């Protein structure tokens, strides 16, 4: 009996899957990148919300609110472009879609000011989608036993 060492009959050997630790790290990098690209919206949100509140209380002119809304909309659109470019896989794709939808709804809402009857439903939709995206990310991280994202990562 003659055995030829290393002969695989012309078939390529399948590479074993990467170790689980590498999968966790790749997942964590994807999600951290999504959150990092969304983060400028969170940073600018407080200033916009304060301006909106002041306008509703008549402490801020409509022109000033529209100026600040326009500035915030620019931040939202830049974040939307960055998040769209992020490469994700698996379940993180659903979270990314929700975050992009949230940013689109937020941008659309800001364009409708000062018409509050149209603005409010779109704004509320943007908040709900952003929270849903964060919930999906947190659920994935919980199952993978990764460190949770901060609660205020996406809003």
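Only the coordinates and a few stated rules stand behind these numbers; no lab work does. Because the structure is predicted, anything quoted here is derived from the model rather than measured. Backbone-built Cβ (ideal geometry, glycine too); neighbour counts: all protein chains shown.
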Report summary line: Rounded to whole angstrom, the alpha-carbon centroid of region 70-87 lies from that of region 36-56 at a distance of 14
Requested in this report: Stick to Cα atoms and the Kirkwood definition of Rh, then tell me Rg/Rh for region 22-144.
Outcome: 1.05
Query - Relative contact order for region 22-144, counting Cα pairs under 8 Å that sit 6 or more residues apart, in percent - result: 26
Report task. Please arrange 46, 135 by counting, for each residue, the other beta carbons lying within 10 Å of its beta carbon, fewest first. Result -> 46, 135
